[in-house]
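Structure, as structure tokens:
Coordinate-derived values only; no laboratory data. Being a predicted model, the structure only gives us computed values, none of them experimental. Every residue, glycine as well, gets a Cβ built from its backbone with ideal geometry; the counts of neighbours run over all protein chains shown.
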Amino acid sequence: MPKRTRKTENLDTVQNARRVSLEAIALSETVELTIVQKVMREMGAKGGRIGGKRRLETMTDEQRRRSARKAAKARWANAKKTA
């Protein structure tokens, strides 16, 4: 017995119209960032670069050790799952 295939002509008119409109929207949709969005994106990237250094300066030795142990456990947990 041959496999059944779903063809677009089997759709009713409403389903077909919806499919066509969704395809048209997907093709024509281009996102243009505003000036404010561009500035905010740059500020966020800059803050991310600064954040790690500042956090390291403000943490105590004990906090750094705890954070490093937690990171090492997380890395080893992932290594055990894949192995």
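Short to long, the 10 Å bins of the Cα pair-distance histogram for the stretch 32-83 hold 21, 25, 26, 22, 6 percent of all pairs.
Couplings for the stretch 48-55, taken from phi via the Karplus curve 6.51 cos²θ - 1.76 cosθ + 1.60 with θ = phi - 60°, read x, 5, 6, x, x, 5, 5, 4 Hz in order; Gly and Pro are left as x.
Take the Cβ-Cβ distance between residue 61 and residue 39 as r, set R0 to 35 Å, and report the resulting FRET efficiency rounded to the nearest 0.05. Efficiency for this residue pair is about 0.40.
Sequentially through the stretch 12-17, phi angles give Karplus couplings (6.51, -1.76, 1.60; θ = phi - 60°) of 6, 5, 5, 4, 5, 5 Hz, Gly and Pro residues having no value and appearing as x.
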